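The values are calculated or read from the model by the stated rules, or taken from the named source; none is laboratory data. All figures in this text were calculated on a predicted structure; none of them were measured in a lab. In this analysis, Cβ positions are derived from the backbone assuming ideal geometry, glycine residues included, and neighbour counts consider all displayed protein chains. Surface accessibility is based on the protein's heavy atoms, side chains included, excluding ligands, DNA and RNA. Shrake-Rupley method; radii C 1.70, N 1.55, O 1.52, S 1.80 Å.
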Amino acid sequence: MVDVNNSRPILASIHLDALRSNLVRIKTATALAGDAKVWAVVKANAYGHGVRHIFEGLRAADGFACLDLTEAEALRRMGWRGPILLLEGAFNARDLEVCSRLQLWHVIHCEAQIDWLAAHKTNEPQRVFLKLNSGMNRLGFKPAQYRAAYARLAILSQVAEVSHLTHYSDADSNDAQGAAFVARQWDVFQRATQDLDGECSLGNSAATLRTAQRSGDWVRAGVALYGAAPDYPVKTCTDWGLQPAMTLSSSVVSVQDLAVGDSVGYGSTFVADRPMRIGTVACGYADGYPRSAGNASGGAPVLVDGQRTHTLGRISMDMLAVDLTHLLSSGFGSRVTLWGRADASRADSTVLSIDEVAAAAGTISYELMCAVAPRVPFVVME
Ligand SMILES: *Cc1c(COP(=O)(O)O)cnc(C)c1O
């Protein structure tokens, strides 16, 4: 699948082999805890990768979890007949019509959603995941209200089966307090659900990789499937055996020689203290590359012809500058990796992890993935 119709060299390549391998990695983790089933989380248009781009790579998942009905619709159109879970459930009563038509499973996190379901006319009883607020305080029923909500759902003719779900707030944390909070949420969940029938879903990527035994019958894996470490910098994607599912690449479109005292880019924030050679790369914040990466001391990491270098000065809307001084054989037209594989066509290629770039920009991989701009063309690679 190729929709490249642009002469500007920026490109996002999606690696199906990496998606498959990361899914196997998650399944291996769950095997340690009795073979949980895996939801591939594809909200936010598959974390910016594109639902239609990733589908072939993740179709060995047991189900897909998404947020928007458009994502669920795209999955059904591509022929997915297995489970689809709406992670926040219905946003209004009409959404339930779509749940019936597309056979979607959905989360119930508040009383209004039960009211809509009780009033919904359908011949197709639905499977719902009742959400417990076990301590994150974002969505879900408090433990004291959980049983009553369960009892209300269990008697509805519109409901086929009730399962249990909660979300960890600190599964990626590496301090004792974070670990204690995971243990506490697990405990709260056990007590709220202990004598109620139904499958359970707890773990996100971090919990699944780190504490599979506290992740439930259905894990919900997002970022790890896309090849980032959920708990960076405690662990890296290499530590977890994950491969980047996306390479953001471009090329050097101009080379400049700098004398001592010359500056680079807007605001002249970088000034050369020695003679330098720099490259201008066709990638900027309008492509989704984080402008804040320009504030990193020493710049953000970049690969040019597979060699590590770094950004210089501010990130512009359409361009950024990289140091080529030590890269004697690189120059005009050189291949640039903003994150992902140095050579997008090779699975054994050098990798620049998106986690490193995100850290330089003061954010997390999730935000960078989701921010890849619509103007960037995508290509799907086998
Ligand atoms: C996004 C999301 C996930 C996936 O989280 P990752 O950290 O990307 O694995 C799981 N569960 C819920 C409810 C989510 O919103």
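Things worth noting here:
- Enumeration of residues in region 86-125 that are more than 20 Å from A151 (Cβ to Cβ), more than 16 Å from the ligand (Cβ to nearest atom) and either of a type in the set (V, I, T) or open to solvent by 70 Å² or more (accessible area, probe 1.4 Å) (or both): R94, E97, V98, R101, Q103, K121, T122, N123, E124
- Residues in region 65-81 that are open to solvent by 20 Å² or more (accessible area, probe 1.4 Å) and touching a strand residue (DSSP E or B) at 6+ places or on another chain (Cβ under 6 Å): there are none.
- Candidate set: region 232-274, residues that are free of Cβ contacts under 8 Å to residues at least 60 places away in the same chain and closer than 30 Å to T211 by Cα; chosen: the one most open to solvent (accessible area, probe 1.4 Å): D239
- Any hit, region 131-141, residues being farther than 30 Å from Q177 by Cα, open to solvent by 10 Å² or more (accessible area, probe 1.4 Å) and either in contact with a strand residue (DSSP E or B) (Cβ under 9 Å, 6 or more places away or on another chain) or not assigned by TED's automatic domain parsing to the domain that holds R191 (or both): no
- The residue that is surrounded by the fewest Cβ atoms within 10 Å (Cβ to Cβ), among those in region 295-317 that are in contact (Cβ under 8 Å) with a residue 60 or more places away in the chain and among the aliphatic types (A, V, I, L, M), is A296.
- The residues of region 22-64 that are polar (S, T, N, Q), touching a residue at least 24 places away in the same chain (Cβ under 8 Å) and open to solvent by 70 Å² or more (accessible area, probe 1.4 Å) amount to a single one, N45.
- Residue match in region 209-219 (condition: in contact (Cβ under 8 Å) with a residue 60 or more places away in the chain, surrounded by fewer than 20 Cβ atoms within 10 Å (Cβ to Cβ) and more than 25 Å from A119 (Cα to Cα)): yes
- Taken as a whole, region 148-157 holds at least one residue that is modelled with pLDDT of 95 or more and open to solvent by less than 20 Å² (accessible area, probe 1.4 Å).
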